[in-house]
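Notes to accompany the following structure.
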Amino acid sequence: MWDIVGKRYLWFGLSLLVIVPGILALIIFGFPLAIDFTGGSLLDLQFNAQAPQPADVNAIYTQFGYTDAQVQSTQNNGLQIRTQSMDDTKKEEIEVVLRQKFGDFIELSFGNVSPAIGGEVVVRATQTVLIAALGIMLYLWFAFRQVPHAFRYGVAAVIAMVHDVLVTIGMAALFGKLFGWQVDSLYLTALLTVIGFSVHDTIVVFDRVRENLIRMRGERFDKVVNFSIIQTLNRSINTQLTVVFTLVALILFGGVTIRHFVTIMLIGLLSGTYSSIFNAAQILVVWENKEWRTWFRRKPKTVAMTN
(Lines give C-alpha, C1' and ligand atoms only; values in the text may rest on other atoms or scores of the structure.)
Protein backbone atom coordinates (compact mmCIF):
# COMPACT_ATOMS: atom_id res chain seq x y z
CA MET A 1 0.00 0.00 0.00
CA TRP A 2 1.34 3.41 -0.98
CA ASP A 3 2.42 5.36 2.10
CA ILE A 4 1.02 8.79 1.20
CA VAL A 5 0.83 10.03 4.78
CA GLY A 6 4.42 9.01 5.50
CA LYS A 7 5.63 11.48 2.88
CA ARG A 8 3.51 14.35 4.21
CA TYR A 9 6.41 16.79 4.56
CA LEU A 10 7.29 16.19 0.92
CA TRP A 11 3.73 17.21 -0.05
CA PHE A 12 3.95 20.28 2.19
CA GLY A 13 7.23 21.20 0.52
CA LEU A 14 5.73 20.90 -2.96
CA SER A 15 2.92 23.22 -1.90
CA LEU A 16 5.43 25.79 -0.69
CA LEU A 17 7.31 25.42 -3.96
CA VAL A 18 4.18 26.57 -5.80
CA ILE A 19 2.94 29.16 -3.32
CA VAL A 20 6.18 31.03 -2.50
CA PRO A 21 6.99 32.24 -6.07
CA GLY A 22 3.44 33.51 -6.44
CA ILE A 23 3.56 35.38 -3.13
CA LEU A 24 6.93 36.91 -4.07
CA ALA A 25 5.47 38.01 -7.41
CA LEU A 26 2.52 39.53 -5.56
CA ILE A 27 4.84 41.48 -3.24
CA ILE A 28 7.25 42.61 -5.96
CA PHE A 29 4.92 43.26 -8.89
CA GLY A 30 1.61 43.80 -7.12
CA PHE A 31 -1.83 42.49 -8.03
CA PRO A 32 -2.72 43.24 -11.68
CA LEU A 33 -6.13 44.79 -11.05
CA ALA A 34 -8.32 45.54 -14.05
CA ILE A 35 -10.57 48.57 -14.44
CA ASP A 36 -13.29 46.65 -12.60
CA PHE A 37 -11.36 47.60 -9.46
CA THR A 38 -9.17 50.57 -10.35
CA GLY A 39 -11.71 52.45 -12.44
CA GLY A 40 -11.43 53.38 -16.11
CA SER A 41 -12.90 52.69 -19.54
CA LEU A 42 -13.05 49.49 -21.55
CA LEU A 43 -13.70 49.55 -25.30
CA ASP A 44 -14.16 46.45 -27.47
CA LEU A 45 -13.87 46.87 -31.24
CA GLN A 46 -14.20 44.44 -34.13
CA PHE A 47 -12.64 45.56 -37.41
CA ASN A 48 -14.09 44.61 -40.78
CA ALA A 49 -10.60 43.97 -42.15
CA GLN A 50 -7.39 43.02 -40.40
CA ALA A 51 -7.13 44.61 -36.96
CA PRO A 52 -4.26 47.09 -36.55
CA GLN A 53 -1.26 46.40 -34.38
CA PRO A 54 -1.75 47.31 -30.69
CA ALA A 55 1.29 49.60 -30.81
CA ASP A 56 -0.26 51.67 -33.63
CA VAL A 57 -3.53 52.05 -31.73
CA ASN A 58 -1.64 52.92 -28.57
CA ALA A 59 0.13 55.73 -30.44
CA ILE A 60 -3.22 57.29 -31.35
CA TYR A 61 -4.43 57.14 -27.76
CA THR A 62 -1.19 58.80 -26.68
CA GLN A 63 -1.97 61.71 -29.01
CA PHE A 64 -5.20 62.23 -27.08
CA GLY A 65 -3.41 62.18 -23.72
CA TYR A 66 -4.06 58.55 -22.76
CA THR A 67 -0.48 57.42 -22.28
CA ASP A 68 -1.44 54.38 -20.17
CA ALA A 69 -3.74 52.73 -22.72
CA GLN A 70 -3.55 48.95 -22.76
CA VAL A 71 -4.41 47.50 -26.17
CA GLN A 72 -4.83 43.77 -26.66
CA SER A 73 -5.71 41.81 -29.80
CA THR A 74 -8.68 39.46 -29.63
CA GLN A 75 -10.16 36.92 -31.98
CA ASN A 76 -12.01 37.80 -35.20
CA ASN A 77 -10.03 40.99 -35.90
CA GLY A 78 -10.89 42.47 -32.54
CA LEU A 79 -9.19 44.85 -30.14
CA GLN A 80 -9.78 45.40 -26.44
CA ILE A 81 -8.64 48.81 -25.19
CA ARG A 82 -8.36 49.76 -21.52
CA THR A 83 -7.73 53.37 -20.53
CA GLN A 84 -8.40 55.92 -17.87
CA SER A 85 -12.02 57.02 -17.67
CA MET A 86 -13.24 58.90 -20.74
CA ASP A 87 -16.59 60.34 -21.80
CA ASP A 88 -18.54 59.53 -24.96
CA THR A 89 -17.35 62.69 -26.71
CA LYS A 90 -13.67 61.82 -26.31
CA LYS A 91 -14.36 58.21 -27.33
CA GLU A 92 -16.09 59.31 -30.53
CA GLU A 93 -13.19 61.63 -31.40
CA ILE A 94 -10.74 58.75 -31.03
CA GLU A 95 -12.97 56.42 -33.05
CA VAL A 96 -13.06 58.90 -35.92
CA VAL A 97 -9.26 58.85 -36.11
CA LEU A 98 -9.18 55.05 -35.82
CA ARG A 99 -11.61 54.71 -38.73
CA GLN A 100 -9.64 57.14 -40.87
CA LYS A 101 -6.39 55.29 -40.31
CA PHE A 102 -7.41 51.62 -39.98
CA GLY A 103 -10.78 51.28 -41.67
CA ASP A 104 -14.32 50.66 -40.44
CA PHE A 105 -15.15 48.64 -37.32
CA ILE A 106 -18.04 47.72 -35.04
CA GLU A 107 -18.13 48.91 -31.45
CA LEU A 108 -18.99 45.80 -29.46
CA SER A 109 -19.08 47.39 -26.03
CA PHE A 110 -17.99 50.45 -24.07
CA GLY A 111 -18.24 51.12 -20.37
CA ASN A 112 -16.85 53.08 -17.46
CA VAL A 113 -16.22 51.61 -14.03
CA SER A 114 -15.64 53.77 -10.97
CA PRO A 115 -12.97 52.82 -8.37
CA ALA A 116 -15.65 52.97 -5.65
CA ILE A 117 -17.54 50.11 -7.27
CA GLY A 118 -14.35 48.12 -7.63
CA GLY A 119 -13.44 48.68 -4.00
CA GLU A 120 -16.88 47.57 -2.89
CA VAL A 121 -16.55 44.38 -4.93
CA VAL A 122 -13.23 43.57 -3.24
CA VAL A 123 -14.69 44.17 0.23
CA ARG A 124 -17.73 42.02 -0.50
CA ALA A 125 -15.57 39.24 -1.94
CA THR A 126 -13.32 39.27 1.15
CA GLN A 127 -16.36 39.14 3.41
CA THR A 128 -17.74 36.23 1.39
CA VAL A 129 -14.52 34.24 1.76
CA LEU A 130 -14.35 34.88 5.52
CA ILE A 131 -18.00 33.92 6.02
CA ALA A 132 -17.47 30.80 3.92
CA ALA A 133 -14.43 29.82 6.00
CA LEU A 134 -16.37 30.28 9.26
CA GLY A 135 -19.33 28.34 7.88
CA ILE A 136 -17.08 25.48 6.75
CA MET A 137 -15.45 25.19 10.18
CA LEU A 138 -18.79 25.19 12.00
CA TYR A 139 -20.38 22.75 9.58
CA LEU A 140 -17.52 20.24 9.75
CA TRP A 141 -17.33 20.62 13.52
CA PHE A 142 -21.01 19.64 13.71
CA ALA A 143 -20.87 16.95 11.00
CA PHE A 144 -17.90 15.22 12.65
CA ARG A 145 -19.07 15.72 16.22
CA GLN A 146 -18.98 11.95 16.89
CA VAL A 147 -15.28 11.82 15.99
CA PRO A 148 -12.61 12.79 18.55
CA HIS A 149 -11.34 16.37 18.06
CA ALA A 150 -14.04 17.24 15.51
CA PHE A 151 -12.94 20.88 15.39
CA ARG A 152 -9.66 19.85 13.76
CA TYR A 153 -11.46 18.74 10.62
CA GLY A 154 -12.93 22.18 10.09
CA VAL A 155 -9.61 23.91 10.68
CA ALA A 156 -7.77 21.52 8.34
CA ALA A 157 -10.35 22.11 5.60
CA VAL A 158 -9.98 25.89 5.93
CA ILE A 159 -6.17 25.63 5.80
CA ALA A 160 -6.47 23.61 2.58
CA MET A 161 -8.87 26.24 1.24
CA VAL A 162 -6.40 29.03 2.07
CA HIS A 163 -3.73 27.01 0.25
CA ASP A 164 -5.86 27.03 -2.91
CA VAL A 165 -6.63 30.74 -2.57
CA LEU A 166 -2.92 31.54 -2.25
CA VAL A 167 -2.13 29.42 -5.32
CA THR A 168 -4.71 31.20 -7.48
CA ILE A 169 -3.72 34.65 -6.21
CA GLY A 170 -0.03 33.94 -6.74
CA MET A 171 -0.61 32.61 -10.25
CA ALA A 172 -2.64 35.72 -11.09
CA ALA A 173 0.29 37.91 -10.02
CA LEU A 174 2.74 35.83 -12.09
CA PHE A 175 0.49 35.81 -15.17
CA GLY A 176 -0.01 39.54 -14.81
CA LYS A 177 3.74 40.08 -15.04
CA LEU A 178 4.46 37.47 -17.72
CA PHE A 179 1.43 37.79 -20.00
CA GLY A 180 -0.17 41.09 -19.04
CA TRP A 181 -3.31 39.43 -17.67
CA GLN A 182 -5.47 41.47 -15.34
CA VAL A 183 -7.76 40.53 -12.49
CA ASP A 184 -11.39 41.42 -13.15
CA SER A 185 -14.73 40.50 -11.60
CA LEU A 186 -14.71 37.13 -13.38
CA TYR A 187 -11.57 36.28 -11.42
CA LEU A 188 -13.53 36.56 -8.17
CA THR A 189 -16.14 34.21 -9.60
CA ALA A 190 -13.41 31.70 -10.43
CA LEU A 191 -11.88 32.08 -6.97
CA LEU A 192 -15.16 31.39 -5.18
CA THR A 193 -15.77 28.39 -7.44
CA VAL A 194 -12.32 27.06 -6.57
CA ILE A 195 -13.16 27.32 -2.87
CA GLY A 196 -16.27 25.23 -3.47
CA PHE A 197 -14.32 22.53 -5.31
CA SER A 198 -11.62 22.47 -2.65
CA VAL A 199 -13.99 22.04 0.27
CA HIS A 200 -16.04 19.42 -1.58
CA ASP A 201 -13.01 17.19 -2.17
CA THR A 202 -11.78 17.66 1.38
CA ILE A 203 -15.11 16.63 2.86
CA VAL A 204 -15.11 13.43 0.77
CA VAL A 205 -11.72 12.43 2.18
CA PHE A 206 -12.64 13.41 5.74
CA ASP A 207 -15.91 11.48 5.56
CA ARG A 208 -14.02 8.31 4.66
CA VAL A 209 -11.62 8.96 7.56
CA ARG A 210 -14.61 9.21 9.89
CA GLU A 211 -16.01 5.87 8.68
CA ASN A 212 -12.67 4.08 8.95
CA LEU A 213 -12.02 5.36 12.47
CA ILE A 214 -15.01 3.28 13.51
CA ARG A 215 -14.17 0.25 11.36
CA MET A 216 -10.47 0.20 12.20
CA ARG A 217 -10.55 0.72 15.95
CA GLY A 218 -7.16 0.25 17.54
CA GLU A 219 -5.18 1.16 14.41
CA ARG A 220 -2.80 4.11 14.44
CA PHE A 221 -4.40 7.33 13.25
CA ASP A 222 -1.92 7.85 10.43
CA LYS A 223 -2.67 4.36 9.05
CA VAL A 224 -6.40 5.07 9.10
CA VAL A 225 -5.89 8.35 7.27
CA ASN A 226 -3.57 6.76 4.71
CA PHE A 227 -6.05 3.95 4.03
CA SER A 228 -8.88 6.49 3.67
CA ILE A 229 -6.91 8.58 1.15
CA ILE A 230 -6.15 5.55 -0.99
CA GLN A 231 -9.83 4.55 -0.94
CA THR A 232 -10.87 7.95 -2.29
CA LEU A 233 -7.91 8.49 -4.62
CA ASN A 234 -9.39 6.88 -7.73
CA ARG A 235 -12.72 8.58 -7.19
CA SER A 236 -11.14 12.02 -6.76
CA ILE A 237 -8.86 11.70 -9.79
CA ASN A 238 -11.57 10.31 -12.10
CA THR A 239 -14.10 12.94 -11.05
CA GLN A 240 -11.70 15.84 -11.47
CA LEU A 241 -10.37 14.61 -14.82
CA THR A 242 -13.80 15.03 -16.38
CA VAL A 243 -13.83 18.66 -15.29
CA VAL A 244 -10.21 19.16 -16.36
CA PHE A 245 -10.95 17.92 -19.89
CA THR A 246 -13.87 20.32 -20.13
CA LEU A 247 -11.84 23.29 -18.91
CA VAL A 248 -8.93 22.50 -21.26
CA ALA A 249 -11.38 22.38 -24.18
CA LEU A 250 -12.76 25.79 -23.15
CA ILE A 251 -9.24 27.22 -22.94
CA LEU A 252 -8.40 25.98 -26.43
CA PHE A 253 -11.69 26.66 -28.20
CA GLY A 254 -13.80 28.83 -25.91
CA GLY A 255 -12.53 32.21 -27.04
CA VAL A 256 -10.30 34.91 -25.63
CA THR A 257 -12.91 36.57 -23.44
CA ILE A 258 -13.21 33.61 -21.05
CA ARG A 259 -9.70 32.19 -21.37
CA HIS A 260 -8.30 33.93 -18.29
CA PHE A 261 -11.33 32.93 -16.23
CA VAL A 262 -11.16 29.27 -17.28
CA THR A 263 -7.38 29.10 -16.77
CA ILE A 264 -7.72 30.30 -13.18
CA MET A 265 -10.51 27.77 -12.68
CA LEU A 266 -8.27 24.99 -13.97
CA ILE A 267 -5.35 25.98 -11.75
CA GLY A 268 -7.62 26.23 -8.73
CA LEU A 269 -9.24 22.88 -9.46
CA LEU A 270 -5.89 21.12 -9.68
CA SER A 271 -4.75 22.84 -6.51
CA GLY A 272 -7.98 21.88 -4.72
CA THR A 273 -7.61 18.23 -5.66
CA TYR A 274 -3.99 18.24 -4.52
CA SER A 275 -4.64 20.02 -1.22
CA SER A 276 -7.56 17.73 -0.32
CA ILE A 277 -5.47 14.59 -0.74
CA PHE A 278 -1.95 15.69 0.13
CA ASN A 279 -2.47 18.57 2.57
CA ALA A 280 -5.77 18.58 4.44
CA ALA A 281 -5.67 14.96 5.59
CA GLN A 282 -1.95 15.24 6.41
CA ILE A 283 -2.66 18.20 8.68
CA LEU A 284 -4.91 15.95 10.77
CA VAL A 285 -2.03 13.53 11.24
CA VAL A 286 0.42 16.28 12.19
CA TRP A 287 -2.11 17.64 14.68
CA GLU A 288 -2.90 14.22 16.14
CA ASN A 289 0.80 13.44 16.64
CA LYS A 290 1.62 16.98 17.84
CA GLU A 291 4.62 16.89 15.54
CA TRP A 292 5.32 20.60 15.87
CA ARG A 293 6.95 19.82 19.21
CA THR A 294 9.89 18.28 17.38
CA TRP A 295 10.19 20.68 14.43
CA PHE A 296 12.80 22.89 16.05
CA ARG A 297 14.23 20.47 18.55
CA ARG A 298 17.89 19.69 18.10
CA LYS A 299 18.87 16.10 17.85
CA PRO A 300 21.13 14.97 20.73
CA LYS A 301 24.75 14.65 19.72
CA THR A 302 26.25 11.18 19.91
CA VAL A 303 29.51 10.93 21.85
CA ALA A 304 32.10 8.53 20.48
CA MET A 305 33.15 5.87 23.00
CA THR A 306 36.88 5.35 23.46
CA ASN A 307 38.58 2.37 25.02
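The values are calculated or read from the model by the stated rules, or taken from the named source; none is laboratory data. Just so we're clear, the structure is a prediction, and the values are computed from it rather than from any experiment. As a convention, Cβ positions derive from the backbone with ideal geometry for all residues, glycine included, and neighbour counts pool all protein chains shown.
Worth pointing out:
- Candidates are the residues of region 171-184 that are of a type outside the set (D, E) and not in a helix (DSSP H, G or I); the one that is farthest from T128 (Cα to Cα) is G180.
- Residues in region 1-30 that are loosely packed, with under 14 Cβ neighbours inside 10 Å and in contact with a helix residue (DSSP H, G or I) (Cβ under 6 Å, 6 or more places away or on another chain): F29 alone.
- Of all residues in region 39-57 being surrounded by fewer than 16 Cβ atoms within 10 Å (Cβ to Cβ) and under 18 Å from T83 (Cα atoms), the one that is modelled with the highest pLDDT: Q46
Here's the yes/no breakdown for (1) more than 16 Å from the chain's Cα centre (by Cα); (2) over 23 Å from T263 (Cβ atoms); (3) not in a helix (DSSP H, G or I):
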position: I169; (1), (2), (3): no, no, no
position: L186; (1), (2), (3): no, no, no
position: V199; (1), (2), (3): no, no, no
position: E211; (1), (2), (3): yes, yes, no
position: R217; (1), (2), (3): yes, yes, yes
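- The residues listed here are F253, F221, F245; of these, the one that is in the same structural domain as Q146 (by TED's automatic domain parsing) and touching a helix residue (DSSP H, G or I) at 6+ places or on another chain (Cβ under 8 Å) is F221.
- Subset of region 175-219 (residues that are crowded, with 21+ Cβ neighbours inside 10 Å and among the hydroxyl-bearing types (S, T, Y)): Y187, S198, T202
- Checked against (1) in contact with a helix residue (DSSP H, G or I) (Cβ under 7 Å, 6 or more places away or on another chain); (2) of a type in the set (A, V, I, L, M, F, W, C); (3) under 30 Å from L213 (Cα atoms), V167 passes all but a single condition, namely (3).
- Residue match in region 272-283 (condition: without any contact (Cβ under 8 Å) to a residue 60 or more places away in the chain and in the same structural domain as Q146 (by TED's automatic domain parsing)): no
- Complete set of residues in region 53-76 that are of a type in the set (S, T, N, Q) and out of contact with any Gly (no Cβ under 8 Å at 6 or more places or on another chain): Q53, N58, T62, Q63, T67, S73, T74, N76
- Among the residues of region 92-112, those identified as over 28 Å from G254 (Cα atoms) and surrounded by fewer than 18 Cβ atoms within 10 Å (Cβ to Cβ) are E92, E93, E95, V96, V97, R99, Q100, K101.
- The number of residues in region 220-246 that are modelled with pLDDT of 90 or more, loosely packed, with under 14 Cβ neighbours inside 10 Å and over 29 Å from F261 (Cβ atoms) comes to 1.
- Residue selected from region 63-75 under the condition more than 29 Å from the chain's Cα centre (by Cα) and surrounded by fewer than 18 Cβ atoms within 10 Å (Cβ to Cβ), by the criterion farthest from T126 (Cα to Cα): Q63
- Test for I60: is it in contact with a helix residue (DSSP H, G or I) (Cβ under 7 Å, 6 or more places away or on another chain), surrounded by 14 or more Cβ atoms within 10 Å (Cβ to Cβ) and not assigned by TED's automatic domain parsing to the domain that holds I159: yes
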